[in-house]
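Peer 1: My questions will all concern the structure given below.
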Amino acid sequence: MLTGKRILLIIGGGIAAYKSLDLIRRLRDQGADVVPVLTKAAEQFVTPLSVSALAAQKVYRDLFDLTDEAEMGHIELSRAADLVVVAPATADLMAKMAGGHANDLASTLLMATDKCVLIAPAMNVRMWEHPATRRNLAVLRGDDVLVVGPDEGHMACGEFGPGRMSEVPDIVAAIGAALGEGPLKGRHVIVTSGPTHEPIDPVRYIANRSSGAQGAALAVALRDLGAQVSFVTGPAAVAPPDGVAVAQVETAREMDQAVRAALPADAAVFAAAVADWRVENAADQKMKKGAGGMPVLEFAENPDILAGVAQMSKGRPALVVGFAAETEDVVAFAQAKLARKGCDWIVANDVSPGTGIMGGAENAVHLITADGVEEWPRMAKGAVAARLAARIAEALGAG
Ligand code: CTP
């Protein structure tokens, strides 16, 4: 809950401004006071009347509006807030912030504030990827500006890629986290992610196909609900997120040790694609082609990290969640896995090549619990993560 929190919401001029109306509503539902500021461009997308009706507040629009200055000066306006949120943060607003401009009400408030600032960028994918925006983003991060999103997906301009403003629940969660008010505050959650690499010799290894995108998204979502996250990751393509305790490992046995070292935890989520076997006769030196013919690899089974934690007799996390990546009979295999491993939930997905899920931006999962099977619609991996994190909070009695 955000009861009594005062949020200065700067709405930038982009098509995503319509989502800010819902954001105001959700923040007020949680007990926050929202003081809205509209840029000139934002007024082309949402009207001051609808913003003020939803916020039940005056809308601030103009730096030189003397009535405003008589009631509350712009310096005071920017400081009376607990948090300043910019949603949508357009490429132009980000550039102004990074450059320290103060030539309209929004940019002046952002310069004058002594409070934490959170931005939710939204723009066309090319603008998001433009070197100028990358530079501005790096400057803003360096200035301790918090950033939520953007998401990847289809955009209003008809293109596909990163640039779409985060969904409203994700922005609300990021606001809660920025204010230290998430429902998972004080809870510790372990997340495993990425593949493991099992060496054959010093230059070759066996691995699973896993980008680590779903695990990283989950760590972000749990962090944004206020959890203290221990993120144990194999060599993944996706970088570990900020604001979590990272343990980087290579093999399944190292991952097992890192998970055990991170215990105790309130919940543990095993999103890693762990190699089931390691090469027992891995060579110390690079194997060479030669007279000896083909090498024969001998395999040994790796520890099942999930089953080991789920079946702990003492100190088991209250909630243990596994993932099951299957290519056929998804639900039946996942249900069998739930029983065999002794975990509480399995998040099952179909990773057969036609789905494009492995390495892609979206996921379509079934949540399997003792109570039954829920089919979730196909959505961005970040959205799956946010929904799963919210369910974890609920299951831990923290929702
Ligand atoms: N898992 C684990 N340690 C292992 C193997 C798997 O922690 N050595 C976890 C994964 O992180 C995932 C779940 O167990 O949460 C299921 O992984 P999966 O590879 O689908 O299951 P397996 O037990 O390996 O079954 P199979 O390969 O036969 O489908």
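The values are calculated or read from the model by the stated rules, or taken from the named source; none is laboratory data. Predicted model, so just to flag it, every value in this text is computed and none were measured. Because the Cβ atoms are built from the backbone with ideal geometry, glycine has one as well, and the counts that use them run over all protein chains shown. The accessibility values were calculated without ligands, DNA or RNA, using every heavy atom of the protein model including side chains. Shrake-Rupley method; radii C 1.70, N 1.55, O 1.52, S 1.80 Å.
Peer 1: Just the residues that are open to solvent by 60 Å² or more (accessible area, probe 1.4 Å), basic (Lys, Arg) and not in a loop (DSSP other than H, G, I, E, B), please, taken from region 349-390.
Peer 2: Listed by number, the list holds a single entry, ARG387.
Peer 1: Continuing with this model, one more query. Limited to region 177-187, what total is found for residues that are touching an Asp or Glu at 6+ places or on another chain (Cβ under 7 Å) and either open to solvent by less than 20 Å² (accessible area, probe 1.4 Å) or charged (D, E, K, R) (or both)? Please lay out each step first, then the result.
Peer 2: We begin by selecting, within region 177-187, every residue touching an Asp or Glu at 6+ places or on another chain (Cβ under 7 Å); these are 177, 179, 182, 187.
Now restrict to residues that are either open to solvent by less than 20 Å² (accessible area, probe 1.4 Å) or charged (D, E, K, R) (or both): 182, 187.
The number of residues fulfilling the criteria is 2.
Peer 1: Using the structure shown, decide if ALA332 is surrounded by fewer than 22 Cβ atoms within 10 Å (Cβ to Cβ), within 13 Å of the ligand (Cβ to nearest atom) and of a type in the set (Gly, Ala, Ser).
Peer 2: Yes.
Peer 1: Got a sec? Which of ALA385, ALA283, ALA370 is farther than 21 Å from ALA252 by Cα, away from the ligand (no atom under 16 Å from the Cβ) and in contact (Cβ under 8 Å) with a residue 12 or more places away in the chain?
Peer 2: Only one candidate qualifies: ALA370.
Peer 1: Looking at region 323-338 only, could you name the residues that are more than 17 Å from SER210 (Cβ to Cβ) and either aromatic (Phe, Trp, Tyr) or not assigned by TED's automatic domain parsing to the domain that holds SER193 (or both)?
Peer 2: PHE333
Peer 1: Can you tell me how many residues within region 141-171 are out of contact with any strand residue (DSSP E or B) (no Cβ under 7 Å at 6 or more places or on another chain), part of a helix (DSSP H, G or I) and at pLDDT 90 or above?
Peer 2: 1
Peer 1: Spot the failing condition for ALA300; the list is (1) modelled with pLDDT of 90 or more; (2) out of contact with any Phe, Trp or Tyr (no Cβ under 7 Å at 6 or more places or on another chain); (3) within 16 Å of the ligand (Cβ to nearest atom), and only one is missed.
Peer 2: Result: ALA300 passes all but (2).
Peer 1: Might you let me know whether region 203-210 holds any residue that is within 30 Å of TRP128 (Cα to Cα) and either open to solvent by less than 30 Å² (accessible area, probe 1.4 Å) or assigned by TED's automatic domain parsing to the domain that holds ALA282 (or both)?
Peer 2: Within region 203-210, one or more residues are within 30 Å of TRP128 (Cα to Cα) and either open to solvent by less than 30 Å² (accessible area, probe 1.4 Å) or assigned by TED's automatic domain parsing to the domain that holds ALA282 (or both).
Peer 1: With ILE190, ILE200, ILE175 as the choices, which residue is of a type outside the set (Gly, Ala, Ser) and closer than 24 Å to GLU326 by Cβ?
Peer 2: On the way: ILE200 fails: closer than 24 Å to GLU326 by Cβ; ILE175 fails: closer than 24 Å to GLU326 by Cβ.
Being of a type outside the set (Gly, Ala, Ser) and closer than 24 Å to GLU326 by Cβ holds for just one of ILE190, ILE200, ILE175, which is ILE190.
Peer 1: Also, quick follow-up: When LEU306 is evaluated against the numbered criteria (1) in contact with a strand residue (DSSP E or B) (Cβ under 6 Å, 6 or more places away or on another chain); (2) part of a helix (DSSP H, G or I); (3) open to solvent by 20 Å² or more (accessible area, probe 1.4 Å), which criterion, by number, is the only one it fails?
Peer 2: With (1) in contact with a strand residue (DSSP E or B) (Cβ under 6 Å, 6 or more places away or on another chain); (2) part of a helix (DSSP H, G or I); (3) open to solvent by 20 Å² or more (accessible area, probe 1.4 Å) applied to LEU306, the lone miss is (3).
Peer 1: What helices (runs of 4 or more DSSP H) lie completely within region 1-114 and have 1 or more residues being of a type outside the set (D, E, K, R) and either under 31 Å from the mean Cα position of the chain (by Cα) or crowded, with 18+ Cβ neighbours inside 10 Å (or both)?
Peer 2: 17-29, 48-55, 74-79, 91-99, 105-112
Peer 1: Quick one: which of GLY149, GLY215 is assigned by TED's automatic domain parsing to the domain that holds THR133 and either under 30 Å from ASP22 (Cβ atoms) or open to solvent by less than 60 Å² (accessible area, probe 1.4 Å) (or both)?
Peer 2: It is GLY149.
Peer 1: A follow-up question, please. I need the full set of residues from region 183-200 which are part of a strand (DSSP E or B) and modelled with pLDDT of 95 or more, in order please.
Peer 2: Those that are part of a strand (DSSP E or B) and modelled with pLDDT of 95 or more: VAL189, ILE190, VAL191, THR192, SER193, PRO195, HIS197, GLU198, PRO199, ILE200.
Peer 1: Here is a follow-up. Please work out which residue is least open to solvent (accessible area, probe 1.4 Å), limiting yourself to region 236-279 and to residues that are more than 15 Å from the ligand (Cβ to nearest atom) and of a type in the set (Asp, Glu).
Peer 2: Result: ASP266.
Peer 1: Is it fair to say LEU140 is within 24 Å of LEU2 (Cα to Cα) and open to solvent by less than 10 Å² (accessible area, probe 1.4 Å)? First the steps, then the outcome.
Peer 2: Values: within 24 Å of LEU2 (Cα to Cα): no; open to solvent by less than 10 Å² (accessible area, probe 1.4 Å): yes.
Spelling it out, it is not the case that LEU140 is within 24 Å of LEU2 (Cα to Cα) and open to solvent by less than 10 Å² (accessible area, probe 1.4 Å).
Peer 1: Now a separate question. Here's a check for you: in region 318-329, which residue that is open to solvent by less than 30 Å² (accessible area, probe 1.4 Å) and either among the hydroxyl-bearing types (Ser, Thr, Tyr) or within 13 Å of the ligand (Cβ to nearest atom) (or both) is nearest to ALA262 (Cα to Cα)?
Peer 2: Residue satisfying both the conditions and the ranking: VAL320.
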